[in-house]
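J.: Once you've had a glance at the structure underneath, I'll fire off some questions.
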Amino acid sequence: MPSLLLPATTFAQSQVNAADLRGTVSDEGGKVIAGAKVTARDERTGFTREATTNEVGVYQFIALPPGSYEITVESPGFARAVNRNVVLTIGAAAQLDFTLRVGETTEEVVVTADTQVIESSRTSVAETINQRAINNLPTSSRNYVGFTLLTSTTTRDNQPKLGVAPTSGLNFGGQRARANNVSIDGADATDSGVNGVRATVSQEAVQEFQILTNSYAPEFGRASSAVINIVSKGGGNELRGNVFAFLRDQAFSANNAFAGVREYPETRFQGGFTLGGPIVKDKTFFFLSFEAQTLNGTGFNITGRNGFGFTTFTPPALLATSPNLGLSNLPGGIFVPIGGQVAQVTPQQAAFLNAALSGLSQATGIPLNTQFTALPPPVQTALLTNASFQALNTYYFLAREGSSVGLTGRQTNGQAIFPTLAALGITNPGVNSPVPLGTGAFRPMNTLLGNYTVRERTFLPALRIDHRFNDIHQFFARISVTPSTVRGIPSNGQNQPTALNEFTRTGFQGTRDVALVAQNLATISPTLINESRFQFARRGVDYGPQGQTVGVEIPGFASFGREPFSPARRVEKRWQVTNNLTKIAGNHTMKFGADFNLLLYNALFEVNFGGVYAFPPNQLFPAAQGFPPFSGVQAYGLGLPESYVQNVGNPNSIFNNPVLGVFAQDSWKIRPNFTFNYGVRYDVQYTKQIRPVQPEPFTGPGNVGLINMPNLFAAGEEIVGIQQGIPRDYNNIAPRIAFAWDPFNNGKTVVRAAYGLFYGTPLAGLIFLSDVVDGAQSPFLVFPGLLGGGAIFRNERVNIPVPPLPGYQVGQQRYNPLDPGFEIFNGGPIRSLLFSPITSQTLHLNRGFEFDYTQQGNLSIERQLGRTITVNATYSYIRGLQLVRPRNVNQQNLALLQANAQAQTNPIVVGGQTVGFFGTGPLAGLYNPLPNSLGPGLSGLPAQVAPIGRFLFNDFRRTGPNLLYTAATLNIPVAQAQQLLTALTNRFNLPRLQGAPFVPFGSAKNYESSGSSIYHALTLSVNKRFSNNFQFLASYTWSHAIDDSTDVQTLQEPQDNSNPRLDRSNSNFDQRHRFIFSAVFNSPFKRNEGPGRYLLADWTFAPIVEAGAGRPYTLLIGVDQTQVNSSSTARPNFVTSCPPGTAGLTCFPSPRGNGFLTLPPDSRLPQNFGLPVSAFLGNVGRNAFTGPNFISVDFRLARKFYFSRDADATARNLEFIFEMFNALNRVNITEINPSYQLSGAPTLAAPPRQIQFALKFNF
């Protein structure tokens, strides 16, 4: 019998859902026998196939359905040889030789030899997981993912497996989990929208499956990483089936380390049945399966468990009794005491305040315990005019009130108002407007505590029919319908740990997968086989939010409100036709094939339609450099978001995607001990090509006049080299070569080597995003905190942007994304946005986009030891090229921004008007001297010109300044605005646009094929085929994976978009060491050998032991010190010692223990003007730190009770199963808080020890 986990069972031609059998027939003297008749009979169905040995005594069967066979060899003058129970697994090309004895043909000789342990013609790196493994090994997930992890070359993906863009959940060869292709019965089971996996069948309906991880044959395509082929069970001549139930309950399990409570619900049930048998014996069969999976569980929310990072601070009397200088300085001279309430501040703020107040006391000679009102009036006056005291006074007030409002929704005096702008002496309409408690965006942080409920309801029905028309045609069809609903899926966007999601940030996912697969295998002759396959599949996905309030992100502390990437509703229909032809000619086994998929999509994706505010740490107080920043919770309480993002417009798209793949391959048996495999594959997609929007003429507001810009968006796409839709790529030619050499020609040692190209397939979701988020149909609006974002959050009615955007929803702190004012104007852009400083962010594709591919190679040596053991050493090499990554190709120019800030002393004069580039009003003076702090690249005139300043909008980007916004805000004709911007263009040598006077793009986040990776691995394995009642596989892999990008999420763009190579580092998927051991031990005792042995009979013990090295992770600072990149990827600086005065403030210990992490320099400070962008980037690399190791022990203990003591192993029985997962109850950390201030604090762990009981009735 073949082993539990067969190492790479392919040689001449791998089969996607079948097996090959080959062997030599000779006489007892070793002379080959030509013309011998060989018959393979499927013992389950009775189907037979015949072959004849050639002139060198070789017979060969191709495309046999996996299963147990009886092989018979007959030749005149020799006794008939019969070998029963020959098990062929998916993808196998087994070797089974026969030696015939002289005798009558009516005489039968029973042979018991197994197929060869060593596959001497195999060239690929592959593993086959057969029925024994599926039936006996404990896997918590009870699906293909759990079994695939039995190989040490496989690692768990740390990208999402549920949600709007799930992956396959598995990394092979350091490649992304979206680079795999999964098939069931030879038909694709991939969700092509995100390159995830569609629903599979019940584990009880899986016969076996194969994992191809390196250098597989050209017939396998649409994958740059691994291919997983699953074969479903079919019926036979006997009625067989089972009824099963698996139950797991928290009452029998340990507590999760991050549960936060002693008791929580966690109950999982999986139950169902299978039934298979004949419809017409030896001709037509059925197999029916059904499984229900239910989960009532708990999602862990650790929000607030660290007290939100606060400590208690009691102000000394001198500070507590002094007036609030900010409020006292308001017009009218209001005197408001700062108050003596105990404050919640960060430990860094407390240490700073204590040190600063002590220093102030020493400098002034005033004891800190002195009442302010007890001081002589001259001393009071001197103190109130002391710059240090002024800064400390205002800083303490803001820190205290920010904490109070953030945590409770009220100031320390009980008022439900934002204190920020009033304390700073800034008057704007709506300041001190009430906080909308319980509605809209603002929810007190103290109300976010506690875990939430997770529920799953999944059903897996399937029916398969097998039919033999005649000796030539063998047919099967399978239909499956898989409805599933999961609630409580945590969001992992915005680089937030999933454990910091409050319930309203979670989502629900409903899927309904329908698949109809049919195949006809035509044995035209023993040397000519044709395989035809058809599939229709429909996958409907409905991913929606659990909460409806506007989203809030506080990095390192909490995520709540509507899940940003929902709702997402899409339907994918797949029509797939495949035809493969195999021809045996002498020493050649040739195979040719074509596969065509027509994919039809109807999608809706309301990305950020609910709005998202980001509250990272806020350096609100630049006038007092060295002050600790306000934490994200305090910024939330102060009402000062860094940004507000919302999409509006039409989120729908309908498109199709025809996909074609063709291949030709040959397996050439040059010598009996040397096989050379070679071939080529070609893939192409005829993707939808989308033309840019062409707006029709319209009249602008005020004196702007007629606007006629038909090439508005086309010009923008041309300037930055982007487009809508995936560019067609016609050069995806993938040659592959390999050899297998048996140096001693005895079938016990084989040397293998292979090399080839393997093309992946782009996500169809990229077509959708580029179609919808194009700057026109569904604009992606980014409001900087100080340019509308904060005002929107605080419910302030301000005239930024000008003219006001439509649909603002008072009390919800967002716009109505479906407001009629956001409708597309004459097939063009949303008119109001053309006059807005809030430019649209786009999600296009780069015009040079190409298919990703890998160069794969391997070199291995395998040796047989004894009769059933093999040892293997394999070196694997995988280089990934043209990997998809997001990057902003319309990034601002920092040098020009700094030059603009310096231009305040040298303004431009045009037509008698002073066109200054630096705002001198309170906003500009207080917040910082760089205009883009008012918004990306915003330049302002002096505040006295208008109530809040008149702004010229200039991004200092490749797409240039905004002509229409300038015309609208100055209320001048377009021609005059063009004159002003021409002066600006000349001053800073800005690009002169061709075809349009401006482009309404802000950030142009395009998907481009510029990523790369490299992977080296050495794998050592020992595999024992089942014999003497046990079998095992032990494998160890050392590997190193390096890349420069992780996935397609826009939040994973490079730290520096102008130099993405700086992100090259250890990959997210790099697991340097991984060891896995799995085995099945059956009791050697027989139940009919006496009472004592009966008690010890029919037991099975099956353990899985796994140990792996920690995975890399990245620490982030949460703010972008360059002001031109993204805060979602900004990293800290590494220093050997903290700069003076920064320890515990902005400088924290490194998780490595060999230094410290601190903020890079701030590009907004005048003393840093003139430095390159690289000076403001963190020097700590991506994935510079490594998490804890992973160790787990799982096992199953089972006992079968037969209804008759003398019954054989296939008779009716009742099986009791006890399973334990993570038996050592080790806390295996799976998630790290990315905040550099927390030095790699864990936030989530894999499940603790869990116990599962099961009962099976087999018949």
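The values are calculated or read from the model by the stated rules, or taken from the named source; none is laboratory data. Bear in mind the structure is a predicted one, so any value in this text is a computation, not a measurement. Virtual Cβ from ideal backbone geometry, glycine too; neighbours counted across all protein chains shown.
J.: Return yes or no: is ALA199 without any contact (Cβ under 8 Å) to a residue 60 or more places away in the chain and not in a strand (DSSP E or B)? Explain how you work it out, then say what you get.
T.: Details: without any contact (Cβ under 8 Å) to a residue 60 or more places away in the chain: no; not in a strand (DSSP E or B): yes.
Here the answer is no, as ALA199 does not meet what is asked.
J.: Among the residues of region 68-85, what is the count of those that are closer than 29 Å to GLY234 by Cα and either crowded, with 23+ Cβ neighbours inside 10 Å or modelled with pLDDT of 90 or more (or both)? First the steps, then the outcome.
T.: Within region 68-85, the first condition is being closer than 29 Å to GLY234 by Cα, and the residues that meet it are 68-73, 81-85.
Subset that is either crowded, with 23+ Cβ neighbours inside 10 Å or modelled with pLDDT of 90 or more (or both): 68-73, 81-84.
The number of residues fulfilling the criteria is 10.
J.: While we're here: Which one is modelled with the lowest pLDDT among residues in region 420-451 that are crowded, with 19+ Cβ neighbours inside 10 Å and over 28 Å from PRO323 (Cα atoms)?
T.: Filtering first and then ranking leaves GLY440.
J.: Continuing with the same structure: Would region 1215-1226 turn up any residue that is in a strand (DSSP E or B), touching a helix residue (DSSP H, G or I) at 6+ places or on another chain (Cβ under 6 Å), under 30 Å from ARG240 (Cβ atoms) and of a type outside the set (Gly, Ala, Ser)? Write out each step before concluding.
T.: The first filter runs over region 1215-1226 and keeps only residues in a strand (DSSP E or B), leaving 1215-1221.
Of the ones still in play, those that are also touching a helix residue (DSSP H, G or I) at 6+ places or on another chain (Cβ under 6 Å) are none.
The answer is no, given that none of the residues of region 1215-1226 is in a strand (DSSP E or B), touching a helix residue (DSSP H, G or I) at 6+ places or on another chain (Cβ under 6 Å), under 30 Å from ARG240 (Cβ atoms) and of a type outside the set (Gly, Ala, Ser).
J.: Now for a separate question. Looking at (1) crowded, with 21+ Cβ neighbours inside 10 Å; (2) hydrophobic (A, V, I, L, M, F, W, C); (3) in contact (Cβ under 8 Å) with a residue 24 or more places away in the chain, which is the only condition VAL1193 fails?
T.: (1) is the only condition that VAL1193 fails.
J.: So, one more: Just a yes or no: is a residue in region 167-176 part of a loop (DSSP other than H, G, I, E, B), closer than 24 Å to TRP575 by Cα and touching a residue at least 12 places away in the same chain (Cβ under 8 Å)?
T.: Initially, region 167-176 is screened for residues part of a loop (DSSP other than H, G, I, E, B), giving 167-169, 173-176.
When the remaining residues are screened for being closer than 24 Å to TRP575 by Cα, the result is 167-168.
From what is left, the residues that are touching a residue at least 12 places away in the same chain (Cβ under 8 Å) are 167-168.
Within region 167-176 (the criterion being part of a loop (DSSP other than H, G, I, E, B), closer than 24 Å to TRP575 by Cα and touching a residue at least 12 places away in the same chain (Cβ under 8 Å)), the answer is yes, since at least one residue qualifies.
J.: Residues being part of a loop (DSSP other than H, G, I, E, B), at pLDDT 85 or above and not aliphatic (A, V, I, L, M): count how many of those fall in region 147-161.
T.: Of the residues in region 147-161, 4 are part of a loop (DSSP other than H, G, I, E, B), at pLDDT 85 or above and not aliphatic (A, V, I, L, M).
J.: Counting just the residues of region 404-417 that are assigned to a helix (DSSP H, G or I) and touching a Pro at 6+ places or on another chain (Cβ under 8 Å), which one comes out farthest from THR303 (Cα to Cα)?
T.: VAL405
J.: Of all residues being buried (at least 21 other Cβ atoms within 10 Å of the Cβ) and among the aliphatic types (A, V, I, L, M) in region 522-539, which is modelled with the lowest pLDDT? Just the residue, please.
T.: Step by step, filter region 522-539, then rank; the result is ILE529.
J.: Do we find a residue being under 30 Å from GLN348 (Cβ atoms) and either among the β-branched types (Val, Ile, Thr) or under 28 Å from the mean Cα position of the chain (by Cα) (or both) anywhere in region 270-286? Spell out the reasoning first.
T.: If we filter region 270-286 for residues that are under 30 Å from GLN348 (Cβ atoms), which is where we start, we get none.
Scanning region 270-286 turns up no residue that is under 30 Å from GLN348 (Cβ atoms) and either among the β-branched types (Val, Ile, Thr) or under 28 Å from the mean Cα position of the chain (by Cα) (or both).
J.: I would also like to ask the following. Take ARG691 and decide whether it is without any contact (Cβ under 8 Å) to a residue 60 or more places away in the chain, more than 30 Å from ARG574 (Cα to Cα), surrounded by fewer than 17 Cβ atoms within 10 Å (Cβ to Cβ) and of a type outside the set (Phe, Trp, Tyr).
T.: Numbers: without any contact (Cβ under 8 Å) to a residue 60 or more places away in the chain: yes; more than 30 Å from ARG574 (Cα to Cα): no; surrounded by fewer than 17 Cβ atoms within 10 Å (Cβ to Cβ): yes; of a type outside the set (Phe, Trp, Tyr): yes.
Here the answer is no, as ARG691 does not meet what is asked.
J.: Next up: Is it true that ALA1175 is surrounded by fewer than 19 Cβ atoms within 10 Å (Cβ to Cβ) and in a strand (DSSP E or B)?
T.: On the way: surrounded by fewer than 19 Cβ atoms within 10 Å (Cβ to Cβ): yes; in a strand (DSSP E or B): no.
No: the conditions fail for ALA1175.
J.: Give THR582, THR523 a once-over and let me know the one that is in contact with a Ser or Thr (Cβ under 9 Å, 6 or more places away or on another chain) and of a type outside the set (Lys, Arg).
T.: Details: THR523 fails: in contact with a Ser or Thr (Cβ under 9 Å, 6 or more places away or on another chain).
None of the other options fit; the residue is THR582.
J.: I want to confirm something. Restricting to region 738-763 and keeping residues that are assigned to a strand (DSSP E or B) and touching an Asp or Glu at 6+ places or on another chain (Cβ under 6 Å), which single residue is surrounded by the fewest Cβ atoms within 10 Å (Cβ to Cβ)? Let's see the steps before the verdict.
T.: The initial filter retains those residues of region 738-763 that are assigned to a strand (DSSP E or B), namely 738-741, 749-759.
Imposing the further condition that a residue be touching an Asp or Glu at 6+ places or on another chain (Cβ under 6 Å) reduces the set to 750, 759.
Working: VAL750: 26, TYR759: 24.
By that ranking, first place goes to TYR759.
J.: While we're looking at this one, here's another question. How about region 793-809: which of its residues are farther than 22 Å from LEU964 by Cβ and modelled with pLDDT of 75 or more?
T.: Answer for region 793-809, where residues must be farther than 22 Å from LEU964 by Cβ and modelled with pLDDT of 75 or more: PHE793, ARG794, GLN809.
J.: Search region 251-273 for residues that are closer than 15 Å to ARG455 by Cβ and among the basic types (Lys, Arg) and pair each with any residue that is at pLDDT 95 or above and buried (at least 16 other Cβ atoms within 10 Å of the Cβ) when their beta-carbon atoms are under 7 Å apart and the residues are at least 6 apart or on different chains.
T.: ARG268/ARG248; ARG268/LEU295
J.: Report the residue count in region 453-486 for those that are aromatic (Phe, Trp, Tyr), closer than 30 Å to ARG505 by Cβ and surrounded by 19 or more Cβ atoms within 10 Å (Cβ to Cβ).
T.: Of the residues in region 453-486, the ones aromatic (Phe, Trp, Tyr) are 459, 469, 475-476.
Those left that are additionally closer than 30 Å to ARG505 by Cβ: 459.
Right, trim to surrounded by 19 or more Cβ atoms within 10 Å (Cβ to Cβ) and you get none.
So the count comes out to 0.
Residues checked against (1) surrounded by 21 or more Cβ atoms within 10 Å (Cβ to Cβ); (2) under 11 Å from GLY1178 (Cα atoms); (3) among the hydroxyl-bearing types (Ser, Thr, Tyr); (4) modelled with pLDDT of 85 or more:
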position: PRO1091; (1), (2), (3), (4): no, no, no, no
position: ALA1102; (1), (2), (3), (4): yes, no, no, yes
position: GLU1106; (1), (2), (3), (4): no, no, no, yes
position: THR1114; (1), (2), (3), (4): yes, no, yes, yes
position: ILE1117; (1), (2), (3), (4): yes, yes, no, yes
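Residue-by-condition table, conditions (1) more than 30 Å from THR1210 (Cα to Cα); (2) part of a helix (DSSP H, G or I); (3) modelled with pLDDT of 95 or more; (4) in contact with a Leu (Cβ under 8 Å, 6 or more places away or on another chain):
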{"site": "PHE209", "(1), (2), (3), (4)": "no, no, no, no"}
{"site": "SER225", "(1), (2), (3), (4)": "yes, no, yes, no"}
{"site": "ALA251", "(1), (2), (3), (4)": "yes, yes, no, no"}
{"site": "GLU263", "(1), (2), (3), (4)": "yes, no, no, no"}
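J.: Quick one: which strands (runs of 3 or more DSSP E) lie wholly within region 540-644 and hold at least 3 residues that are touching a residue at least 24 places away in the same chain (Cβ under 8 Å) and surrounded by fewer than 19 Cβ atoms within 10 Å (Cβ to Cβ)?
T.: Details: elements: 551-554, 558-560, 568-585, 588-605, 612-614.
Output list reads 568-585, 588-605.
J.: Within region 694-730, take every residue that is of a type in the set (Gly, Ala, Ser) and touching a Ser or Thr at 6+ places or on another chain (Cβ under 8 Å) and give me the one that is surrounded by the most Cβ atoms within 10 Å (Cβ to Cβ).
T.: Let us first name the residues in region 694-730 that are of a type in the set (Gly, Ala, Ser), namely 700, 702, 705, 714-716, 721, 725.
Now narrow it down to the ones that are touching a Ser or Thr at 6+ places or on another chain (Cβ under 8 Å): 705, 716, 725.
Numbers: GLY705: 16, GLY716: 27, GLY725: 20.
This residue is GLY716.
J.: Of the residues that sit in region 299-330 and are β-branched (Val, Ile, Thr) and crowded, with 18+ Cβ neighbours inside 10 Å, which one is modelled with the lowest pLDDT? Spell out how you get there, then give the answer.
T.: Filtering region 299-330 down to residues β-branched (Val, Ile, Thr) leaves 302-303, 311-312, 314, 321.
Still in the running and crowded, with 18+ Cβ neighbours inside 10 Å: 302-303, 321.
Details: ILE302: 92, THR303: 92, THR321: 88.
Only one residue fits best here, namely THR321.
J.: Would you be able to tell me the number of residues in region 356-403 that are part of a helix (DSSP H, G or I) and surrounded by 12 or more Cβ atoms within 10 Å (Cβ to Cβ)? Spell out the reasoning first.
T.: Step one: list which residues in region 356-403 are part of a helix (DSSP H, G or I), which gives 356-364, 372-374, 377-384, 387-403.
Now drop any that are not surrounded by 12 or more Cβ atoms within 10 Å (Cβ to Cβ), which leaves 356-361, 364, 372, 379-380, 382-384, 388-403.
Count: 29.
J.: From the residues in region 1010-1065 that are touching a His at 6+ places or on another chain (Cβ under 8 Å) and not aromatic (Phe, Trp, Tyr), which one is farthest from LEU859 (Cα to Cα)? Reasoning before the result, please.
T.: At the first step, the residues of region 1010-1065 found to be touching a His at 6+ places or on another chain (Cβ under 8 Å) are 1015-1017, 1036-1040.
Cutting the leftovers down to not aromatic (Phe, Trp, Tyr) gives us 1016-1017, 1037, 1039-1040.
Details: HIS1016: 12, ALA1017: 11, THR1037: 14, SER1039: 15, HIS1040: 17 Å.
Ranking the candidates gives HIS1040 first.
J.: Going by what's in this entry, would ARG122 be described as among the charged types (D, E, K, R), surrounded by 22 or more Cβ atoms within 10 Å (Cβ to Cβ), in a loop (DSSP other than H, G, I, E, B) and in contact with a Ser or Thr (Cβ under 6 Å, 6 or more places away or on another chain)? If you could, list the steps in order and put the result at the bottom.
T.: Working: among the charged types (D, E, K, R): yes; surrounded by 22 or more Cβ atoms within 10 Å (Cβ to Cβ): yes; in a loop (DSSP other than H, G, I, E, B): yes; in contact with a Ser or Thr (Cβ under 6 Å, 6 or more places away or on another chain): yes.
Yes, satisfied.
J.: Looking only at residues that are farther than 12 Å from GLY169 by Cβ and within 23 Å of the chain's Cα centre (by Cα) in region 131-146, which one is modelled with the lowest pLDDT? Can you show your working first?
T.: Of region 131-146, the ones farther than 12 Å from GLY169 by Cβ are 131-140, 142.
From what's left, within 23 Å of the chain's Cα centre (by Cα): 139-140, 142.
Numbers: THR139: 89, SER140: 89, ARG142: 86.
That would be ARG142.
J.: Considering only residues that are more than 29 Å from ILE1251 (Cβ to Cβ) and small (Gly, Ala, Ser), which ones fall in region 209-257?
T.: SER215, ALA217, GLY221, ALA223, SER224, SER225, ALA226, SER232, GLY234, GLY235, GLY236, listed by residue number.
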